[in-house]
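Below is one structure, written out as structure tokens; comments come after it.
Please treat every number below as a calculation from the coordinates, not as lab data. Remember, it's a predicted structure, so these values are computed and weren't measured experimentally. We place every Cβ from the backbone using ideal geometry, glycine too, and count neighbours over all the protein chains shown.
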Amino acid sequence: MARRITVLGTGYLGATHAACLAELGFEVLGLDTEPDVIAALAAGELPFYDPGLDELLQRGLRSGRLRFTTSYAEVADFGDVHFVCVGTPQRADSAGADLSQLLSCIDSLAPRLERPCLIAGKSTIPVGTAASLAERITELAPAGAQVQLAWNPEFLREGFAVADTLRPERIVVGVRSAEAEAILREVYAEPIAAGVPFLVTGYETAELVKVAANAFLATKISFINAMAEVCEAAQADVTELADALAYDHRIGPASLRPGLGFGGGCLPKDIRAFMTRATELGAAESVSFLREMDAINGRRRSRMVALAQDLAGGSLAGRRVGVLGLAFKPDSDDIRDSPALAVATAVHALGAQVTAYDPVAMDRARRAHPELGYAGSILGAAADADVLLLLTEWPEFSQADPEVIGKAVASRNVADGRNALDAGAWQAAGWTYRALGRP
């Protein structure tokens with residue numbers, strides 16, 4: 001008989017994991033402490049956007065394999081494997097990780113566990129956390145040491161969550177027993193059979209895999225943006241430089257796209273929490289380079305604002321600025337630490353009248369920043385604009401006709417924050433074109 005699975009925390013990670021496990025044939029019960037979230041999911045409605053996930057959610061509900069609840073007692077009674085997917089955001093008072101949701105989840109679940117089961121954490125946590133959680137669970141659970149803990153980090157890319165869950169590049173499990181490993185091999189039997197590597201480690205290595213991967217990714221993104229700064233000083237073209245570097249198989253093209261840099265709910269807070277934890281462990285010098293990576297990333301936003309000022313004749317006060325893109329990346333409605341939204345609000349703060357458009361992130365942006373103006377289309381954002389800013393590389397922006405858009409604006413000035421536009425085509429249509437890292 002297949003093990004029954006619970007997923008605690010139904011945000012981006014948890015809702016995706018629950019729907020995908022139901023798709024794999026498991027009976028799944030998702031839990032969240034927010035009744036409105038549970039009601040929406042039970043009705044087949046996602047509180048966020050990710051391509052293809054809504055269909056998966058609805059299929060799981062129709063099959064009867066997927067349900068949702070707010071009851072820890074029901075979860076404890078139901079589950080053989082409990083996946084913990086709660087958030088670990090950056091602390092309000094420091095760069096470290098806020099583990100309050102995780103600790104609350106464990107403290108609510110463990111005292112209700114009266115039979116053998118496995119808790120599998122998927123949240124991103126500072127190294128050393130899992131070991132302390134294992135002790136906490138043994139102390140709190142009536143079943144004691146029969147409740148085991150594993151750490152199974154997630155590697156989801158927003159916009160590709162379904163594929164990254166059903167067919168990930170690798171599955172990493174940090175365990176302390178052969179039994180815990182065997183249970184997770186059962187859960188992931190289908191992707192393992194399809195050839196997905198299954199890597200077994202200790203807790204500490206599993207905890208480090210996610211943050212190390214994010215730190216490397218942040219370093220690569222920041223590297224090409226550092227080269228963009230040099231290119232601007234030298235009158236070189238960073239897009240040509242990136243193309244040339246990508247042919248080196250040791251470097252490759254992935255994440256070597258120059259532009260506004262990284263954002264979202266994972267990379268920024270994860271590398272900051274990593275730096276904080278390394279400092280606590282006495283290894284601050286080993287990750288000191290990440291501080292400069294973070295600084296490079298921040299400077300891209302400031303540089304984009306400067307490009308907008310230049311195109312506006314030196315001052316944005318009283319100018320109309322059209323903004324294309326608000327999400328931190330395409331195929332997502334996530335505006336957490338979004339470079340696009342940071343630039344839009346900075347331009348507004350300098351006195352510009354901003355009108356923005358994004359294919360899916362409008363509602364979230366409007367709630368967070370009602371001071372900005374919003375439009376329902378590219379042409380609406382561009383209407384009477386003195387300067388147009390491309391800040392998220394949605395395909396509909398890069399494929400837009402510069403001649404058609406040119407008829408809507410007051411002045412044909414465009415700053416390409418993602419190096420996503422065909423510079424030659426826009427210049428041929430009479431636009432003054434500027435981009436990060438290009439002459």
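Sorting 341-351, 324-334, 32-42 by their mean Cβ neighbour count within 10 Å, with the most densely packed peptide first, gives 324-334, 341-351, 32-42. With contacts taken as Cα pairs under 8 Å and at least 6 residues apart, the chain reaches a relative contact order of 12 percent. Our summary gives the range 5-201 a relative contact order of 19 percent, counting only alpha carbon pairs under 8 angstrom and 6 or more residues apart. Pair-distance distribution of the range 210-294: all C-alpha pairs, bin width 5 Å, starting at 0; shares per bin in whole percent are 3, 14, 23, 20, 17, 13, 7, 2, 0.
Need one word for the range 168-210: rounded, prolate or oblate. Basis is the Cα gyration tensor (sqrt eigenvalues a ≥ b ≥ c); a/c below 1.5 gives rounded, then a/b vs b/c decides. In terms of gyration-tensor shape, oblate. Here, P(r) means the percent of Cα pairs in each 20 Å bin from 0 to the largest distance; for the chain it is 24, 51, 23, 2. Helix 203-234 and the longest principal axis of the Cα set of the chain meet at an angle near 10°.
Rounded to the nearest 10 degrees, the angle from helix 339-349 to the longest Cα principal axis of the chain is 50 degrees. Angle of helix 100-109 to the longest C-alpha principal axis of the chain, folded into 0 to 90 degrees and rounded to 10: 30°. Please say if the range 1-58 is rounded, prolate or oblate, where rounded means a/c under 1.5 for a ≥ b ≥ c the square roots of the C-alpha gyration tensor eigenvalues, and otherwise the choice is prolate for a/b larger than b/c and oblate otherwise? Oblate.
In terms of the Cα gyration tensor, with a ≥ b ≥ c the square roots of its eigenvalues, is the range 5-201 rounded because a/c is under 1.5, prolate because a/b exceeds b/c, or oblate? It is rounded, given that a/c, with a ≥ b ≥ c, falls under 1.5.
Here the calculated FRET efficiency for E204 and R3, from their Cβ-Cβ distance with R0 = 22 Å, stands at 0.25, rounded to the nearest 0.05. Looking at the chain, the DSSP beta bridges with both ends there are about 5 percent antiparallel.
Any chance you could tell me what percent of the C-alpha pair distances in the range 309-421 go past 26 Å? So the pairs more than 26 Å apart make up 8 percent of the total in the range 309-421. Relative contact order, whole percent, for the range 104-216 stands at 29, derived from Cα pairs under 8 Å and 6 or more residues apart.
Within the same chain, lysines fewer than 8 places from K210 are excluded, and of the rest, those with a Cα less than 17 Å from its Cα are K122, K220, K269.
Counting only Cβ charges, +1 for Lys and Arg and -1 for Asp and Glu, the dipole size of the chain around its Cα centre is about 360 debye.
With both residues required to sit in the range 77-166, DSSP beta bridges show an antiparallel share near 10%.
When the Cα positions of A317, L21, F216 are compared along the charge dipole of the chain, A317 comes out farthest toward the positive end, with charges on each C-beta of Lys, Arg, Asp and Glu.
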